[in-house]
1. Which residues, counting only those in segment A:371-426, are in contact with a Phe, Trp or Tyr (Cβ under 9 Å, 6 or more places away or on another chain) and among the basic types (Lys, Arg)?
2. Just give me the residues in segment A:377-395 being open to solvent by 70 Å² or more (accessible area, probe 1.4 Å) and either among the aliphatic types (A, V, I, L, M) or at positive phi (or both), in sequence order.
3. Which number in (1) assigned to a loop (DSSP other than H, G, I, E, B); (2) open to solvent by less than 80 Å² (accessible area, probe 1.4 Å); (3) out of contact with any Lys or Arg (no Cβ under 9 Å at 6 or more places or on another chain) marks the one condition that A:Arg47 misses?
4. Consider segment A:105-122. How many of its residues are at the interface with chain B (Cβ under 10 Å from one of its Cβ atoms), over 13 Å from A:Lys148 (Cα atoms) and open to solvent by 50 Å² or more (accessible area, probe 1.4 Å)?
5. Count, please, the residues in segment A:25-49 that happen to be in contact with a Leu (Cβ under 7 Å, 6 or more places away or on another chain) and facing chain B (nearest Cβ under 10 Å).
6. Given (1) open to solvent by 50 Å² or more (accessible area, probe 1.4 Å); (2) assigned to a helix (DSSP H, G or I); (3) facing chain B (nearest Cβ under 10 Å), identify the lone condition not met by A:Glu65.
7. For A:Asp22, only one of the following conditions fails: (1) more than 14 Å from chain B (Cβ to nearest Cβ); (2) free of Cβ contacts under 8 Å to residues at least 24 places away in the same chain; (3) open to solvent by 70 Å² or more (accessible area, probe 1.4 Å). What is its number?
8. Residue by residue through segment A:123-132, note down the ones that are more than 9 Å from chain B (Cβ to nearest Cβ) and open to solvent by 30 Å² or more (accessible area, probe 1.4 Å).
Amino acid sequence: MKCYRCGATLTQHDFCTACKCDVRQYKLIIEASNRKYNEGLEKAQIRDLTGAVTALKQSLKLNKEHVDARNLLGLIYFEMGEVVSALGEWIISKNLQPNKNIASDYISRLQNNQSRLDTYNQAIHKYNTALDLCHQGSDDLAIIQLKKIVSLNPNHIKSNLLLALLYMEQEHWDKAYPILKRVTHIDHGNTQAQRYLREITRMTKQKSNKAKPKTKDSVVRYERDNEIIIQPAEVIEPNTGKGTLLGFVIGFLLGMAIIFFLIMPGRLQDVRSELEENIRIANENREAQSATIASLESRLADLTEERDAIVAQYGDIYGEDSNAEAVNALLSAVATYLADAKDIAGVQPHMDICVKNEAFFEKNTNSILGLYDSMKALTSPSLAQYHYDLGYAAYEAREYDTAVSELELAVMYYSENADSLFYLASSYQAEKKLDKAKEVYGIVIERFPNTTRASQAKRALDSMQ
Amino acid sequence: MIQFEEELKKFYKSPEVGDIEDVIYNQDMTDATDLLFKIMQQDNNGTTNRR
């Protein structure tokens, strides 16, 4: 605390130790101002903004140079939506104490955000307009304006209170109530809002009492087992026994009916649709497979025809498989003979293949046939003897079918052997192949006349006739 | 019972940004200390006059 005359710091004495002036009343005033400031601060901390404003104004009335009280008052005005009043207090505060004053920060924040300041100003202007409309009797227009204000600056307490008042005038208690609750949330100590809330509560209570008249017969009293039972009259006690059973049966039948008539048809339809879909898909697959099979069969026919054509074409050049086998046999025989000329047993099977194959002599070239002739010339006497020996042994052993096959080969290799022909004919005869026997007997008689074999053949012919 | 007209009289206009000069100039800046100084001054003058 400074002396008001000389500015010296005051002590606990009632006079200034510097200029000796009386400061007792001055100190009392300053102390009272400080007390009011503290009171205002406490109220502001618990959001009793109305009470805080009153206390701070008193503090400033005692000491206008109380910068803290003025700054706090500006802050509270700002919270209540009175932006211009707040600015005024901060500007005055800054003039009283230009340096180290938080009011400078508050002012610069507002001035830097010009759009926000315009919004606040717009809200205040609309409020003033709405107030004029109320005085003129245009309550509905005023309500519209006030709704816009509440959206621009929800903290503007005067707008909220005026809007609540207008709703209460129109008996829209449900609309006024939340607005007033919002005001009390911002300012707990707002007596106007609390009065309005009390009025709403009273009016709504009256209305609910009128709507629900009490009746005398609303409860039923009776005794059971030394107890007094009190229950509302409309309560129906649950039944037991037959009633329950009947209810159960009815409920069951009703449920079954619902399932059978409502749920089952739908399910059946779903299942039917699913089956039809599966059948359709199966049919499509089957048709696709049939088409594939037909295509493959056609392709197979084409390939078979092509193969036959190729076989026919190249068969003319290289011969059939049997002919090719005979040619290979001939070449093998030649190779065996060239390796060992006395290996008749090695040559014999190859030459037998050639001599038995009729196509070999028809389809082969002259070169092949010439080679065959050469081989036959070289080996036929030996091969004829080889087969005659085997055939005669088989004839003697009465193995006539083997005798026939061996003796036929012997005759193929060398047809001028009377013994081979005679025993071949005899083997035919033994196998009851009489025509062939007669033929061969005839050849023996013709080719070898006046011989023993011819005479034997003639007698055999006579015996068959 | 709340009377609408009576309640409406309690509402007054808020100052807008353009009115801020008026708000500041119209502030009554007289406080208790000013009154005290005035009284002390009057006392001093009275003492001087009595002399």
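1. The one that is in contact with a Phe, Trp or Tyr (Cβ under 9 Å, 6 or more places away or on another chain) and among the basic types (Lys, Arg): A:Lys376.
2. Of everything in segment A:377-395, those that are open to solvent by 70 Å² or more (accessible area, probe 1.4 Å) and either among the aliphatic types (A, V, I, L, M) or at positive phi (or both) turn out to be A:Ala377, A:Leu378, A:Leu390.
3. For A:Arg47, the failing item is (2).
4. 1
5. Final tally of qualifying residues: 5.
6. Condition not satisfied by A:Glu65: (2).
7. Every condition holds for A:Asp22 apart from (1).
8. Result: A:Lys126, A:Thr129.
The values are calculated or read from the model by the stated rules, or taken from the named source; none is laboratory data. What you see is a predicted model; the values in this text were computed from it and never measured. Backbone-built Cβ (ideal geometry, glycine too); neighbour counts: all protein chains shown. The accessibility values were calculated without ligands, DNA or RNA, using every heavy atom of the protein model including side chains. Shrake-Rupley method; radii C 1.70, N 1.55, O 1.52, S 1.80 Å.
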